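The values are calculated or read from the model by the stated rules, or taken from the named source; none is laboratory data. The structure presented is a predicted model; accordingly, all values stated were derived computationally and were not measured. Using ideal geometry, Cβ is built from the backbone for each residue, glycine included, and neighbour counts are taken over all protein chains shown.
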Protein chains: 2
Amino acid sequence: MDLSCPLPEDPADCITLGHGGGGRLSQRLLEEIFLPAFGTMGPEHALDAFTVGATSGKMAFSTDSHVVHPLFFPGGDIGKLAVCGTVNDLAMSGARPRWLSVGFILEEGLPMETLRKVVDSMAATAKAAGVSIVAGDTKVVERGKADGLYLTTAGIGTVAREVELVPGRITPGDTVIVSGDIGRHGMAIMAQREGLAFDAPLVSDCAPLHEAVQGLLDARVPVRCLRDCTRGGLATVLVELARQSGRCLHLEEAAVPVTETVRAACELLGIDPLYVANEGCFVAVVANEMASEALDRLRDAGFPEATRIGEVASEGDGAGRLFLQNAFGIRRPLDLISGEQLPRIC
Amino acid sequence: MDLSCPLPEDPADCITLGHGGGGRLSQRLLEEIFLPAFGTMGPEHALDAFTVGATSGKMAFSTDSHVVHPLFFPGGDIGKLAVCGTVNDLAMSGARPRWLSVGFILEEGLPMETLRKVVDSMAATAKAAGVSIVAGDTKVVERGKADGLYLTTAGIGTVAREVELVPGRITPGDTVIVSGDIGRHGMAIMAQREGLAFDAPLVSDCAPLHEAVQGLLDARVPVRCLRDCTRGGLATVLVELARQSGRCLHLEEAAVPVTETVRAACELLGIDPLYVANEGCFVAVVANEMASEALDRLRDAGFPEATRIGEVASEGDGAGRLFLQNAFGIRRPLDLISGEQLPRIC
């Protein structure tokens, strides 16, 4: 299955090294593609830095690079992924995502039409998420030196609350919630790459998560810590939370929502869905007495699959570790995966 | 001349796809390379976003991607370049650079030693510039899909002053100053790539510029606008300033400082030094009556070559354009360059 983009007939419709030179072609790229899409770069676009209006209080700052292959996949594309990735990282710290920057590394020969589609997707995703793309940069590398394009987004969010959402706040007896069914993003990419078809289509869950988080915070659910289940999947996030908090986490395998299609794809490829990347799914560790309220708020926010999947053990053995209880009642420790089962999925 | 890095004998000393997987290898990369260098990522390193302490007032936000080839060159490397690039963009807006993020796109097979050298260089440059590298991300692409590594930095600076440094403030009669001799960065890269040697070595001017800017602002020099002369060089910056301000700028060619070595290299390669990238050189447009004071402050700040190179014409003809007066007294308009004379220099 050839996933490369066909080269247009007219080389004028392609990215050339000149587009990275800072001269007339760079100017045209800015005026014809970036500015119409990211209107918010506004008249300041040609300045070296964007000035964020007066703010007070704490800010959150985050970055993510994106090298997903192929660039377009069911449920999203590299542009949507790059915006959601940084929006979600900010949201997980309890911040309201506000401003994004984007660095484009473009491959010579990239069809202008492909760039335009990615940029339009970024703009639409940013608009839907209520963030502004205010700063950018473009570099061009020779043919073969990037797979079409790589994107790096960085973002700033404003933090209204006093309490930080950090693993150190995780408390024995807390409940572990996942916002939705897992494994869809990674398996959608893999299925597309391998040319696999299933009865039900595999569609990435790629989506911004900040409104769901805001729903929890507005409802005054005592959220200890949030983490989106991207690279490494749900299991990796929980292993890290256990380590960083020094607490013992229990995960009940049978409670973890996985669609039939994802399960079938994972079986076919010999992949554990617990370690598959998601791009629109997060874990919340909340005080047990408010867990039902948290699930209600998540369902209200459009996450009908939100489920209780585990708990934080009382103090004692297993500090800093994650244990999985499988469907047969057998309990085993889970750890970080040592290699890379799904390269280039984000 | 082979500029690629030799592969180490032991594949354990190389970047593998697993280092981008978010699992154990990613964790090791963080613990063994990034954290020891960027100590400021501190205990928060594994969180999705870094929380910037309480601030008030305006902030500047900027980003730059870096694909320079080769990775190491006389006077710097891709790491130093990436830190200086974003520090300088922030400084040009009159901000005090404070926090940086960095996205690494690594090529499978990159020697760990090379990564370590780049990371150490970033850390040293950040320390010298008084900025903290507080957020990061790493992705790995297959062999051949990047030239060792690409870096994207983003940065936040705090803006203390009320007046924005924008082209709209440029006024007829203002003086145009350049902070130093031009063309060194681009020609140092080209000479290394082409294997050219000169009597005097060609060394990049790559350096942070924020202290020089702070010196001007502290001395209450009425600075209208600042711009670092990176891609496209001095001429491109001045063409853009003329356009954006709607003023007519005059540049006196004979006044522009260029070293003998840069001049010789440019002649040999048929390149106009006015369009060659710099990484430690900027233009300041200042009120004429304070131009001497500005030059004194720049020389105090370690820029002995700071020179008056032009002026803003009185209102009338030539609005929005840049004119060059050459050594023979001939005046001609300069425009943006149409292609790319020096690819991959930053």
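Here are the numbers for the structure shown:
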item	result
Verdict on A:Thr236 being in contact with a Phe, Trp or Tyr (Cβ under 9 Å, 6 or more places away or on another chain), among the hydroxyl-bearing types (Ser, Thr, Tyr) and either surrounded by fewer than 24 Cβ atoms within 10 Å (Cβ to Cβ) or assigned by TED's automatic domain parsing to the domain that holds A:Met122 (or both)	no
Subset tally (residues that are surrounded by fewer than 19 Cβ atoms within 10 Å (Cβ to Cβ), within 21 Å of the chain's Cα centre (by Cα) and within 23 Å of A:Gly270 (Cβ to Cβ)) for the stretch A:290-342	1
The lone exception for A:Lys80 - which of (1) facing chain B (nearest Cβ under 10 Å); (2) of a type in the set (D, E, K, R); (3) buried (at least 24 other Cβ atoms within 10 Å of the Cβ) it fails	(1)
Selection status of B:Gly215, buried (at least 21 other Cβ atoms within 10 Å of the Cβ) and either of a type in the set (A, V, I, L, M, F, W, C) or not in a loop (DSSP other than H, G, I, E, B) (or both)	no
Filter result for B:Val312 (more than 30 Å from B:Tyr150 (Cβ to Cβ), within 14 Å of another protein chain (Cβ to nearest Cβ) and among the β-branched types (Val, Ile, Thr))	no
Residue match in the stretch B:280-288 (condition: over 23 Å from the mean Cα position of the chain (by Cα) and exposed (fewer than 14 other Cβ atoms within 10 Å of the Cβ))	no
Looking only at the stretch A:95-130, and only at residues there that are assigned to a loop (DSSP other than H, G, I, E, B) and of a type in the set (A, V, I, L, M, F, W, C), the one that is surrounded by the fewest Cβ atoms within 10 Å (Cβ to Cβ)	A:Leu110
Residue check for A:Gly195: in contact with a strand residue (DSSP E or B) (Cβ under 7 Å, 6 or more places away or on another chain), more than 15 Å from A:Cys266 (Cβ to Cβ) and of a type in the set (Gly, Ala, Ser)	no
Only one of A:Ala95, A:Ala154, A:Ala126, A:Ala160 that is within 16 Å of the chain's Cα centre (by Cα), within 26 Å of A:Val285 (Cβ to Cβ) and either more than 7 Å from every other protein chain (Cβ to nearest Cβ) or not aromatic (Phe, Trp, Tyr) (or both)	A:Ala95
Unmet requirement for A:Ser292, which otherwise passes all of (1) touching a residue at least 24 places away in the same chain (Cβ under 8 Å); (2) in a helix (DSSP H, G or I); (3) among the small types (Gly, Ala, Ser)	(1)
Among residues of the stretch B:54-77, those that are part of a strand (DSSP E or B), within 12 Å of another protein chain (Cβ to nearest Cβ) and not hydrophobic (A, V, I, L, M, F, W, C), counted	9
Test result for A:Asp48, modelled with pLDDT under 85, within 13 Å of chain B (Cβ to nearest Cβ), touching a helix residue (DSSP H, G or I) at 6+ places or on another chain (Cβ under 7 Å) and buried (at least 16 other Cβ atoms within 10 Å of the Cβ)	yes
All positions within the stretch A:162-183 that are buried (at least 24 other Cβ atoms within 10 Å of the Cβ) and acidic (Asp, Glu)	A:Asp174
